[in-house]
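Structure first, commentary second.
The values are calculated or read from the model by the stated rules, or taken from the named source; none is laboratory data. In this text the structure is predicted, and so the values were computed from the model without any measurement. Note: ideal-geometry Cβ built from the backbone for every residue, glycine included; neighbour counts use all protein chains shown.
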Amino acid sequence: MSELVARTGRHQQRYEDGYRLIAGCIPFKYRNVEENGDEATEQIVEVLMINSTSGPGLLFPKGGWENDETAEEAAEREAMEEAGVRGDLVHFLGCYPFKSKTLQDEYSPEGLCKAAMYALHVKEELDSWPEKSRRERSWLTIPEAIECCRHVWMREALEKGFSKWYADVQF
């Protein structure tokens, strides 16, 4: 059992113009890969995805951005609570609007959400975290993650946000 506890409830959620504000991240790490058994190695990037608790497919950690925190703090908190990782936010990937079937409430009756997404360079993988009993972690290459991604808006954050940023920082 983890001594870390996930936040629950929506009493501190942020809303703006009918949208519930969400913060999340694409956790990533570098992995060395040997080329043909030679000593020369290539470095590839892998992203961390977690299983959905409400259906098939994989997700990136995300959740409600609360009144007592910044979007960056919320993204880091969600990464720890849902995926059990800590690291450094290194780039803002953009805001991605989406409609949620499960996040409808009195402040956003249509379930409209807007997610601020970040790239999180993972420095630590925790053995125990608040949602460990409900979540499984999967490290994937970017093409694998694109195939497994449950939501179109998350795939867009990966393809247009993360992949474009990552390609730009390679040089």
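Worth pointing out:
- Segment 52-75: number of residues that are hydroxyl-bearing (S, T, Y) and under 13 Å from the mean Cα position of the chain (by Cα): 1
- Taken over segment 105-121, the criterion of being at pLDDT 75 or above and of a type in the set (G, A, S) is satisfied by G111, A115, A116, A119.
- Test: E42 is outside any strand (DSSP E or B), modelled with pLDDT under 90 and over 18 Å from the mean Cα position of the chain (by Cα): no
- Listed conditions (1) at pLDDT below 95; (2) of a type in the set (S, T, N, Q); (3) more than 20 Å from Q13 (Cα to Cα) are all met by S100, apart from (3).
- The residues listed here are E78, E156, E110, E124; of these, the one that is in contact (Cβ under 8 Å) with a residue 24 or more places away in the chain and more than 16 Å from the chain's Cα centre (by Cα) is E110.
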